[in-house]
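K.L.:
Sending over a structure as structure tokens; questions will come in a sec.
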Amino acid sequence: MKIQSAHLYQMAGSPTQYPEINLPEIAFVGRSNVGKSSLLNALLERKKLAYTGAKPGKTRTINFYMVNENIFFVDLPGYGYAQIGKEQRAVWEKQMQGYIKHREELALVIHLMDSRHAPTALDKKMNALLVESSVPFIIAATKRDKISGNVWQKNKALWTKELQIPQSAIYPVSAQSKGGLDDLRLVLAPGVAGQWAE
Ligand SMILES: Nc1nc2c(ncn2[C@@H]2O[C@H](COP(=O)(O)OP(=O)(O)O)[C@@H](O)[C@H]2O)c(=O)[nH]1
Ligand SMILES: [Mg+2]
């Protein structure tokens with residue numbers, strides 16, 4: 001997967017602001033602080049294209065990054081951020097669900113989960129939404145550099161028990177060491193090369 005170009009194309013606060021050009025979309029979703037911005041930047045080989053380390057919960061819009069002029073990487077708002085009100089939470093949830101359930105351009109979801117932890121209640125809820133929506137998805141296990149191989153094997157076994165996902169669809173990655181990025185790129189490559197476009 002060669003990244004020739006990547007730029008922020010649109011920040012959408014509502015579906016009317018989603019891009020109208022018909023390109024396939026790969027969406028990235030996960031709880032706040034899971035490492036989503038870091039992974040996007042690492043994949044796109046840009047240091048600061050997506051915000052990192054900013055205040056958790058800061059990304060309140062659905063952000064569309066155009067990659068190689070033929071696909072969008074879509075940054076969905078992180079879930080599970082405690083410091084927001086119930087009403088705002090409900091608005092985000094509705095927007096996220098609507099996008100995942102109804103967005104025709106959505107080709108693949110990368111569900112990010114922290115490799116160090118058991119799935120949270122919200123991780124399970126997201127997993128159920130993805131299954132129910134019949135959208136193709138994989139899991140990227142973030143921050144893999146922070147734990148040993150033994151702990152990761154245990155966590156992975158637990159994940160496959162608690163979530164609806166085969167082991168083969170779980171990709172451990174580290175935005176820090178860049179480990180696992182090439183394997184993940186292989187999954188994204190057909191889309192990035194334009195082969196998912198009609
Ligand atoms: N050690 C390590 N830290 C990471 C990794 N990815 C992200 N982080 C750190 O985790 C925190 C949250 O990352 P960020 O990308 O902003 O998460 P986001 O809220 O999901 O966008 C930051 O302090 C990052 O430096 C990783 O692969 N390894
Ligand atoms: Mg972020």
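Quick note: the coordinates plus some simple rules give every number you see, no bench work behind them. Everything quoted here is computed from the prediction, not taken from an experiment. Quick reminder, even Gly has a Cβ in these numbers, built from the backbone with ideal geometry, and neighbours come from all protein chains shown.
K.L.:
Rounded, prolate or oblate for segment 137-186? Axes are the square roots of the Cα gyration tensor eigenvalues, ordered a ≥ b ≥ c, and the cut-off for rounded is a/c under 1.5. Walk me through the numbers on the way to the answer.
P.N.:
Details: a/c = 2.52, a/b = 1.23, b/c = 2.05.
It comes out oblate by the Cα gyration axes.
K.L.:
Summing +1 for each Lys or Arg and -1 for each Asp or Glu, what net charge is found among the other residues whose Cβ lies under 15 Å from the Cβ of residue 155? It would help to have the intermediate numbers written out before the result.
P.N.:
Details: positive: 116, 124, 143, 144, 146, 154, 156, 161; negative: 114, 123, 145, 162.
Once all neighbours under 15 Å are counted, the net charge is +4.
K.L.:
Counting only helical runs of four or more DSSP H residues, what would the 222 nm mean residue ellipticity of the chain come to if each run contributes -39,500 (n - 2.57) and the total is spread over all its residues?
P.N.:
Numbers: 5 runs with 65 residues, N = 198.
Calculated mean residue ellipticity at 222 nm is -10500 deg cm²/dmol.
K.L.:
Take the Cβ-Cβ distance between residue 152 and residue 124 as r, set R0 to 22 Å, and report the resulting FRET efficiency rounded to the nearest 0.05. Please report the intermediate quantities before stating the final value.
P.N.:
Numbers: r = 20 Å, r/R0 = 0.89.
E(calc), rounded to 0.05, equals 0.65.
K.L.:
Return the single residue from 95, 164, 83 with maximal mean-square fluctuation; model: Gaussian network over the chain, springs between Cα atoms under 10 Å.
P.N.:
83
K.L.:
Now for a separate question. Starting from 0.36 nm per residue, how many nanometres of slack lie between residue 47 and residue 68 once their C-alpha separation is accounted for? Could the numbers behind the result be given before it?
P.N.:
Details: separation 21, 0.36 × 21 = 7.56 nm, distance 1.71 nm.
That pair, residue 47 and residue 68, stretches by 5.8 nm at full extension.
K.L.:
Then there's this: Between 169, 12, 90, which gets the highest mean-square fluctuation from a Gaussian network model of the chain, Cα cutoff 10 Å?
P.N.:
90
K.L.:
Answer rounded, prolate or oblate for the chain, using the Cα gyration tensor with square roots of eigenvalues a ≥ b ≥ c: rounded when a/c is under 1.5, else prolate when a/b is larger than b/c, else oblate. Present the calculation step by step, with values, prior to reporting the outcome.
P.N.:
Details: a/c = 1.40, a/b = 1.14, b/c = 1.23.
Rounded shape, in that the Cα axes give a/c under 1.5.
K.L.:
Please give the net charge around residue 31, taking every other residue with its beta carbon less than 10 angstrom from that of residue 31, where Lys and Arg add +1 and Asp and Glu add -1. Numbers along the way, then the final one.
P.N.:
Working: positive: 36; negative: 114, 123.
Taking every Cβ under 10 Å from that of residue 31, the sum is -1.
K.L.:
With springs connecting C-alpha atoms under 10 Å apart, model the chain as a Gaussian network and identify which of 15, 77, 24 has the largest mean-square fluctuation.
P.N.:
Ranking 15, 77, 24 by mean-square fluctuation puts 15 first.
K.L.:
Quick check: net charge around residue 144, other residues with Cβ under 12 Å of its Cβ, Lys/Arg +1 and Asp/Glu -1? Write out the running numbers ahead of the final one.
P.N.:
Details: positive: 116, 143, 146, 156, 178; negative: 114, 145, 183.
Summing Lys/Arg as +1 and Asp/Glu as -1 gives +2.
K.L.:
Something else now. Under Stokes-Einstein, with the Kirkwood radius over Cα pairs standing in for Rh, what whole-number D in µm²/s applies to segment 74-178 at 10 °C and 1.306 mPa s?
P.N.:
On the way: Rh = 14.8 Å.
Rounded to a whole number, D works out at 108 µm²/s.
K.L.:
Can you tell me the FRET efficiency between residue 169 and residue 82 if r is taken as the Cβ-Cβ distance and R0 is 30 Å, rounded to the nearest 0.05?
P.N.:
Numbers: r = 29 Å, r/R0 = 0.97.
Calculated transfer efficiency: 0.55.
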